[in-house]
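Take a look at the structure set out below.
The values are calculated or read from the model by the stated rules, or taken from the named source; none is laboratory data. What you see is a predicted model, and the numbers here were worked out from it, not measured in a lab. Note that we place each Cβ from the backbone using ideal geometry, even for glycine, and neighbour counts take in every protein chain shown. Side chains included, ligands, DNA and RNA excluded: accessible areas come from the protein's heavy atoms. Shrake-Rupley method; radii C 1.70, N 1.55, O 1.52, S 1.80 Å.
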Number of protein chains: 2
Amino acid sequence: MFELDVRSRKPIYEQLMDNIKELIMTGVLTTDAKLPSVRMLSKELTVNPNTIQKAYRELEREGYLYSANRKGYFVAPVDWIKPDEKLNELKPQFQQLIQEAIYLGLTKEQLVEWFEETTKGGNVDDSR
Amino acid sequence: MFELDVRSRKPIYEQLMDNIKELIMTGVLTTDAKLPSVRMLSKELTVNPNTIQKAYRELEREGYLYSANRKGYFVAPVDWIKPDEKLNELKPQFQQLIQEAIYLGLTKEQLVEWFEETTKGGNVDDSR
DNA sequence: ATATCTGTATTATTTATATTAATACAGATA
DNA sequence: TATCTGTATTAATATAAATAATACAGATAT
């Protein structure tokens, strides 16, 4: 279910966050879906419980998850993320990447193509 | 000339690399332009010389700079970077960002708009 | 030629952070 | 009531970034 690389420069908890975000964004995990408990996932991935918790708590802070009174962690509704704010945070990252890509020869057409590959591949859940 | 934030999570040498890349990509620094010496920049930024050298050497490895026999570091021609390979490395980064942005409501039109803002703002040097 | 600039290299130390480890508490659930 | 859950705390370990202090040798300008 999750792909972690302990040799990567990127911290395990961040890799975990990316993995979970992707499951949410592709619609595999929908609103109110329950995530594996800290301890279970810890055993499954042979990673320390604290590391799992750090990822969960961070995702909660960002609005992707919520935790209910010792019942577990669950997927939060999209609008808890404050999508507009988040998009504005993403913009400079995009523009830095775009600038570098343009320098390397990226055309507008190719960028649009990449956009459409993404929409085609991922099954977005409209009911959310 | 350079903007560094010692409190950032991103290492100083990586911030320096980003800064230099941007100067190259916006055409402020063109092919064969000389960069400040390791020691000078070290003093100017009050950063350890080794940190500067790490940034320079890494940019050399990536093909953005070259160093000539104790004469200094200089901007390399674009094609030393192997643009096609680099673009392929950039693609997955783009798609991850695009996927998240789509989840947050990004439209194709907005992405194209961001692309055009980038081309308009930066003065790309065609003579390269 | 000589002082001074350049990159290059090496070794040690400090600092920050990620990760693991070992526990403990208290509410939720079966 | 036993066992699940999240939450919290403290300590130890590992890794990497950054600083520090030097040294060597080629390039350059005076």
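Some points to look at:
- Kirkwood-based Rg to Rh ratio, the stretch A:28-119, C-alpha trace: 1.12
- Protein-protein interface of the stretch B:1-21, residues with accessible area decrease of at least 40 Å², isolated chain reference, 1.4 Å probe: B:9
- Label geometry 7 Å along the beta-carbon vector: residue B:108 inter-copy distances in nm: 1.3
- A label point on residue B:62, set 7 Å along the Cα-to-Cβ line, lies at 2.2 nm from each of its counterparts in the other copies, closest listed first.
- Candidates B:39, B:57, B:70, ranked by Gaussian network fluctuation over chain B, Cα under 10 Å, top entry: B:70
- Max mean-square fluctuation residue, GNM over chain A, Cα-Cα springs under 10 Å, options A:34, A:91, A:82: A:91
- Accessible surface for chain A, divided over its residues, is 59 Å² per residue with a 1.4 Å probe.
- Over 32 Å between alpha carbons, listed pairs A:43/A:91; A:82/B:108; A:43/B:21; A:21/B:86; B:34/B:86: A:43/A:91; A:43/B:21
- Annotation for residue A:28, label-to-label distances across the other copies: 4.2 nm (shortest first, one decimal, point 7 Å from Cα along Cα→Cβ).
- Rg over Rh for the protein assembly as shown works out to 1.02, using Cα positions for both radii and the Kirkwood form for Rh.
- Each label was represented as a point 7 Å from its Cα along the Cα-to-Cβ direction; for residue B:3 and residue B:58 these points are 1.9 nm apart.
- Surface composition of the stretch B:82-121: carbon plus sulfur atoms hold 45% of the accessible area, using a 1.4 angstrom probe and ignoring ligands, DNA and RNA.
- Heavy-atom accessible surface that B and A bury in contact, both chains counted, 1.4 Å, Å² to 100: 4500
- Using a cutoff of 8 angstrom between alpha carbon atoms and counting only pairs six or more residues apart, the relative contact order for chain B works out to 25 percent.
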